[in-house]
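Trainee: I'd like to ask you about the structure that follows.
The values are calculated or read from the model by the stated rules, or taken from the named source; none is laboratory data. Quick caveat, the model's predicted, so the values are computed rather than measured. For neighbour counting, all protein chains shown are included, and Cβ atoms are generated from backbone atoms with ideal geometry for every residue, glycine included. What goes into the accessible areas is simple: the full protein's heavy atoms, side chains included, and nothing from ligands, DNA or RNA. Shrake-Rupley method; radii C 1.70, N 1.55, O 1.52, S 1.80 Å.
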Amino acid sequence: MPEPILLDVEDLHVDYPGPAGVPVPAVRGVTFQLRRGEVLGLVGESGSGKSTVCAALTRTLPPGARSRATGLTFDGTELGGLAEEAMRRLRASRIGLVPQRPMTSLSPATPVLAQLRWYGGGQDLTPLLEQVGLRAVLDRPRDYPHRFSGGQLQRLLIVLAALARRPDLLIADEPTTTLDATVQAQVLRLLLDLRDRLGLGILYITHDLAVVAQVCDRVAVMYSGRLVETGTVGQIFAAPRHPYTQALLAALPGRTKPGDRLGAIQGSAVGAARHPGCAFAPRCPVVLARCQDEAPRQIVTPGATVSCHRAEESA
Ligand SMILES: Nc1ncnc2c1ncn2[C@@H]1O[C@H](COP(=O)(O)OP(=O)(O)OP(=O)(O)O)[C@@H](O)[C@H]1O
Ligand SMILES: [Mg+2]
């Protein structure tokens with residue numbers, strides 16, 4: 001029996017306010033599901049819309065941004081129709097967000113321990129902090145955030161988001177990008193441990209496929225605001241179907257022979273929906289004539305999706 005669906009996102013679109021009142025599209029037609037106990041990796045290069053998806057899910061988009069979706073359901077509750085106060089309660093309890101920049105998520109003017117106590121609502125934080133190797137926070141009650149390392153603060157934010165509140169869903173936006181390899185491994189272990197103990201569903205956002213291979217069960221690949229491919233980690237790594245996913249994997253250092261150049265993807269991404277056809281067409285090594293002006297439809301197979309004219313031809 002598969003675990004129940006925790007998060008169900010159907011046809012999500014987000015626009016930011018642009019110059020002269022013209023909206024700038026950032027996310028287009030994103031559809032995915034996340035089950036309890038599952039880690040779903042959302043990958044894609046900088047600017048592909050990953051953080052925007054997070055903000056839309058948690059309804060924390062900046063003023064002026066607009067989102068719409070056919071369905072946005074968390075554990076059976078439709079989020080779109082929820083009043084702001086109910087949404088705030090959900091964020092404060094059942095949905096934990098580990099933001100992209102730890103430094104800007106804590107107040108610089110209050111000691112870390114005081115902030116932690118405030119968030120913890122009176123519970124004894126000692127066992128939690130010891131468990132994640134953050135005893136230092138207890139020993140240095142007067143120290144402000146800038147006195148702690150990036151890795152310490154990042155683990156602290158995960159503790160805040162995940163343990164102090166016992167959420168069902170944890171959204172982690174690039175939680176290890178700025179960390180060295182040892183601390184990154186610690187943070188990843190902490191996340192997996194939380195998933196196992198609390199049965200959390202985790203949406204893990206990153207541009208690092210090596211990290212995805214270590215922690216995720218399934219992957220959703222974003223390009224220019226759209227999901228181009230989804231599948232299990234096994235499927236995606238063994239047999240990627242979208243040329244963008246193939247290029248991302250080819251660029252992994254482990255897949256390059258010594259002496260070869262790293263396989264960088266030529267060109268740069270166009271903004272979401274600025275291209276009438278497939279957004280990857282201008283960079284695609286196997287582009288077809290119709291990719292230029294005809295948007296590919298999403299091909300759904302059991303447990304996987306791909307949006308590509310080539311994949312459609314070979315399906
Ligand atoms: N507040 C904003 N106002 C206008 N445009 C924005 C805003 N925030 C993001 N964007 C644009 O929306 C697009 C998606 O940005 P987003 O931050 O979601 O990407 P990302 O995949 O999280 O990138 P990164 O890997 O760099 O964090 C980008 O083109 C970005 O410039
Ligand atoms: Mg981001």
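Trainee: Give me the accessible area per residue for the chain, probe 1.4 Å, as a whole number in Å².
Mentor: 48 Å²
Trainee: Still on this model: Could you list the residues of the range 142-185 with an amide nitrogen less than 12 Å from a label point located 7 Å from the Cα of Arg135 in the Cα-to-C-beta direction?
Mentor: Those under the cut-off are none; the list is empty.
Trainee: A follow-up question, please. Any chance you could check the Cα centroid distance between the range 1-38 and the range 173-215 for me, in angstrom?
Mentor: Each part's Cα centre sits 21 Å from the other's.
Trainee: Here's another thing I want to ask about it. Do any trypsin sites (Lys or Arg not before Pro) in the range 92-193 lie in a loop, going by DSSP, with at most 10 other beta-carbon atoms within 10 Å of their beta carbon, and if so which?
Mentor: Passing sites in the range 92-193 are Arg142.
Trainee: Taking all protein chains as present, what is the carbon and sulfur share of the accessible area of the chain, in % to the nearest whole number, probe 1.4 Å?
Mentor: The C+S portion of the solvent-accessible surface of the chain is 53 percent.
Trainee: Using only Cα atoms, figure out Rg for the chain and give it as a multiple of 2.2 N^0.38 Å.
Mentor: Details: Rg = 20.3 Å, N = 315, 2.2 N^0.38 = 19.6 Å.
Ratio of Rg to 2.2 N^0.38 Å for the chain: 1.03.
Trainee: Please give, to one decimal in nm, the separation of the simple spin-label points placed at Thr70 and Asp143, each 7 Å out from Cα toward the Cβ.
Mentor: 5.1 nm
Trainee: Here is a further query. Where does each of 169-180, 292-303, 19-30, 215-226 land if you order them by average Cβ count within 10 Å, highest first?
Mentor: Ranking, from highest mean packing down: 215-226, 169-180, 19-30, 292-303.
Trainee: Also: Please give me the summed charge of the neighbours of Ile299: other residues whose Cβ is under 11 Å from its Cβ, Lys and Arg +1, Asp and Glu -1.
Mentor: Net charge around Ile299: 0.
Trainee: Want the number for Met103 to Leu252: 0.36 nm per residue separation, take away the alpha-carbon distance, what's left?
Mentor: In short, 50.8 nm is gained.
Trainee: Taking only DSSP H segments of four or more residues, each worth -39500 (n - 2.57), what value at 222 nm results for the chain once the sum is divided by all its residues, to the nearest 500 deg cm²/dmol?
Mentor: The helix contribution divided over the chain gives -8000 deg cm²/dmol.
Trainee: What list of ³J(HN,Hα) couplings, whole Hz, do you get for the range 72-83 from phi and the Karplus terms 6.51, -1.76, 1.60, once you set θ to phi - 60° and write x for glycine and proline?
Mentor: Each residue's phi maps through the Karplus curve to give 9, 10, 10, 6, x, 9, 6, 6, x, x, 6, 5 Hz.
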